[in-house]
Amino acid sequence: MIAESYGLLDHIQEAFRRGRNTRRQIESLLCLIRLAERKGLKLVVTYLDFRNAFNSIDVEACMRILEALNIPDVDLLRNLYTDAFYQVRMSNGLTTAKIPLTRGTKQGDPLSPIIFNLTINMLLRMLANNGQAFSAELTGQSNVTKRAINCKAFADDTTLITHSTEGANALLKDVESFCDYSGMQVRPDKCEVTGRDFGNRRNPEMDVSGVMYKGQALKALSSANPTKYLGTHISLTLNWKAEKAYVVGKMKAAVAQLRNTCYTRSQILMLLRTCVIPVFRYSAPLVPWTAAELYSIDKLWCQAVKYSLHLPVSFAMAPILLGKGDGGMALEPAASFVVKEVQIHVQQCLRLHDEVCTWFCDTVYSTMQALGMQTAKDVGSVKQSKPALSLLARTLVFRMHTLLQPSYWADVGWPSGFTKDFSYGKLLASVMQDWRKARKAGGTYLPGENKEIKELGYAPSVDGNNRAVEKVA
């Protein structure tokens, strides 16, 4: 593709490009927030909202931008859009009159995402040359470099990043100029701006009420209030309560609808895997879930399975979570999904060796530096204090340190047996032993009758074949 081969697209654009996705974009924003927190910097983030972006952009403006980029055969594209029209087929079988296409890209056309990306790329270049940016020194393994960035984009979801409200207003002037040229429209009433002075511990809130677009003030948020960015609720304080409540609430609503339905068992299980679990999986590598929270999610998923089998709600979870070799249904637990999604997410962030990779590595290096780690393998020797564990939980690479079993670390080449507390797996290990004994003896032992089942935990394996953890000495 010409746009990728010749570097026509800005590196901060993540949409419609191979190897890039929304979670990478979210992770890079989170890295910037953590960087500002560590360095004690001011951070102002402006979330823009364009009105019907794909259908409002001017076709002639698109063609002029493509010509300025020396894209070959633009005349062929012009011909595709010349005298283009839509028709709507009504319920009576008749079609409406021709509706000329003068604005927006064609829906369903594989060229439309590329044309849109190249067009909005003009805005990203304008912002890059503005001079206003968020800049900070990054900590590498052997050197210190200074990097600057002032916006992030996923298609039309654009975020402006500066140190001050004056910088945000300067960037919004460029956005205004671009919209006047391209025909796109910003909705000031839907845009949000938030700011925090991480260097001021007594009063970190910044007054962002002065950030305006065409004379209209944008909605000012407290730094503790979350905003929904690419499907995830994010705040500058990195408080994940809103996102956790959203995920759990949406899953509860979906599971509740499965109760007393006419669906068959296989249909309910299919809906669980396709409509309930994906809600959790999307933000799983971004949110620092605790062991207790993951266990509560397992209880929720097991409810759906119980509904499918017409079992009472009080029925034990163990027969559902245990592997088929142990007489269970082998429902993959939430922690197992977290492990897998973390691994996938880390690979995606590091794959391209780009800006996202740079910010991501800086977060890891700074954590290692703060905890006195020479290499990532030294995570096993970190003192198990509350501040240290909190810092590890906020760093993606080390987040699963207290939840994973040794087989995971051996799989990634790290030494096994370095964690001191496997409380998340011990209870299930003991329940498994009792379950196996009961099966061998031909009894009807139910793990749910064990008083310890209320604190049931597990440590899933990465390959997903063995859902339960072996007992750790």
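Looking at region 9-44, which of its residues are open to solvent by less than 10 Å² (accessible area, probe 1.4 Å) and of a type in the set (D, E, K, R)?
GLU14, ARG24, GLU27
If VAL175 passes every condition in (1) buried (at least 17 other Cβ atoms within 10 Å of the Cβ); (2) under 30 Å from PRO72 (Cα atoms); (3) modelled with pLDDT under 95 but one, which one does it miss?
Of everything listed in (1) buried (at least 17 other Cβ atoms within 10 Å of the Cβ); (2) under 30 Å from PRO72 (Cα atoms); (3) modelled with pLDDT under 95, VAL175 misses just condition (3).
Could you check how many residues of region 210-251 are touching a helix residue (DSSP H, G or I) at 6+ places or on another chain (Cβ under 8 Å) and of a type in the set (Phe, Trp, Tyr)?
Of the residues in that region, 2 qualify.
Are there any pairs, at least 6 apart or on different chains, whose C-beta atoms fall under 9 Å, with the first in region 45-57 and under 25 Å from LEU111 (Cβ atoms) and open to solvent by less than 10 Å² (accessible area, probe 1.4 Å) and the second modelled with pLDDT of 90 or more and among the small types (Gly, Ala, Ser), and if so, which?
Correct list of pairs: ALA53/ALA155; ILE57/SER182; ILE57/GLY183.
When residues of region 74-110 are filtered for being under 21 Å from ILE120 (Cβ atoms) and open to solvent by 80 Å² or more (accessible area, probe 1.4 Å), how many remain?
Total satisfying the criteria: 6.
Do you know which of the residues in region 258-302 that are over 17 Å from PHE315 (Cα atoms) and among the hydroxyl-bearing types (Ser, Thr, Tyr) is surrounded by the most Cβ atoms within 10 Å (Cβ to Cβ)?
It comes out as SER283.
Tell me which residues, restricted to region 368-388, are among the polar types (S, T, N, Q) and farther than 16 Å from ALA136 by Cβ.
Once the filter is applied, which keeps residues that are among the polar types (S, T, N, Q) and farther than 16 Å from ALA136 by Cβ, region 368-388 yields GLN374, THR375, SER381, GLN384, SER385.
Given the conditions (1) surrounded by fewer than 19 Cβ atoms within 10 Å (Cβ to Cβ); (2) closer than 30 Å to THR261 by Cβ; (3) without any contact (Cβ under 8 Å) to a residue 24 or more places away in the chain; (4) among the β-branched types (Val, Ile, Thr), which single one is not true for ILE320?
Among (1) surrounded by fewer than 19 Cβ atoms within 10 Å (Cβ to Cβ); (2) closer than 30 Å to THR261 by Cβ; (3) without any contact (Cβ under 8 Å) to a residue 24 or more places away in the chain; (4) among the β-branched types (Val, Ile, Thr), the lone unmet condition for ILE320 is (1).
Working only within region 220-241, note down all residues that are over 19 Å from SER390 (Cα atoms), surrounded by fewer than 17 Cβ atoms within 10 Å (Cβ to Cβ) and in contact (Cβ under 8 Å) with a residue 12 or more places away in the chain.
Across region 220-241, the qualifying residues are SER222, ASN225, GLY231.
Listed here are the residues, each with its yes/no results for (1) modelled with pLDDT of 95 or more; (2) of a type outside the set (Lys, Arg).
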{"site": "PRO113", "(1), (2)": "no, yes"}
{"site": "ARG125", "(1), (2)": "no, no"}
{"site": "LEU138", "(1), (2)": "no, yes"}
{"site": "ALA155", "(1), (2)": "no, yes"}
{"site": "ASN169", "(1), (2)": "yes, yes"}
{"site": "GLN185", "(1), (2)": "no, yes"}
{"site": "LYS190", "(1), (2)": "no, no"}
{"site": "THR194", "(1), (2)": "yes, yes"}
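Does region 120-138 include one or more residues that are under 30 Å from ILE12 (Cβ atoms), touching a strand residue (DSSP E or B) at 6+ places or on another chain (Cβ under 9 Å) and among the hydroxyl-bearing types (Ser, Thr, Tyr)?
yes
Go through ASP197, ASP189, ASP207, ASP180 for me and flag whichever is open to solvent by 50 Å² or more (accessible area, probe 1.4 Å) and under 27 Å from the mean Cα position of the chain (by Cα).
Answer to the check: ASP189.
Pull up region 336-361, narrow it to residues that are part of a helix (DSSP H, G or I) and of a type in the set (D, E, K, R), then point me to the one that is nearest to ARG18 (Cα to Cα).
Looking at the filtered set, the residue picked out is ARG351.
Can you name every residue in region 266-305 that is of a type outside the set (A, V, I, L, M, F, W, C), at pLDDT 90 or above and closer than 20 Å to VAL346 by Cα?
PRO278, ARG281, TYR282, SER283, PRO285
Would you check if there is a residue in region 370-392 being open to solvent by less than 30 Å² (accessible area, probe 1.4 Å), assigned to a helix (DSSP H, G or I), out of contact with any strand residue (DSSP E or B) (no Cβ under 6 Å at 6 or more places or on another chain) and touching a residue at least 40 places away in the same chain (Cβ under 8 Å)?
The answer is no, given that none of the residues of region 370-392 is open to solvent by less than 30 Å² (accessible area, probe 1.4 Å), assigned to a helix (DSSP H, G or I), out of contact with any strand residue (DSSP E or B) (no Cβ under 6 Å at 6 or more places or on another chain) and touching a residue at least 40 places away in the same chain (Cβ under 8 Å).
Is there any pair with a first residue in region 278-300 that is farther than 17 Å from ARG394 by Cβ and a second that is among the hydrophobic types (A, V, I, L, M, F, W, C) and open to solvent by 10 Å² or more (accessible area, probe 1.4 Å) whose Cβ atoms are under 6 Å apart and which are 6 or more apart or on different chains, and what are they?
Cβ pairs passing all conditions: ARG281/PHE337.
Just to be sure, is ALA254 under 24 Å from SER390 (Cβ atoms), in contact with a helix residue (DSSP H, G or I) (Cβ under 9 Å, 6 or more places away or on another chain) and touching a residue at least 12 places away in the same chain (Cβ under 8 Å)?
no
Tell me, which residue of region 303-317 that is open to solvent by 20 Å² or more (accessible area, probe 1.4 Å) and touching a residue at least 40 places away in the same chain (Cβ under 8 Å) is nearest to TRP289 (Cα to Cα)?
GLN303
Being of a type in the set (A, V, I, L, M, F, W, C) and under 21 Å from the mean Cα position of the chain (by Cα), is that true of even one residue in region 311-332?
No, that holds for no residue.
The values are calculated or read from the model by the stated rules, or taken from the named source; none is laboratory data. This is a predicted model, so every value here is computed, not measured. Heads up, the Cβs are rebuilt from the backbone with ideal geometry, glycines too, and the neighbour counts pull from every protein chain shown. Surface areas here come from the heavy atoms of the whole protein model, side chains and all, with no ligands, DNA or RNA. Shrake-Rupley method; radii C 1.70, N 1.55, O 1.52, S 1.80 Å.
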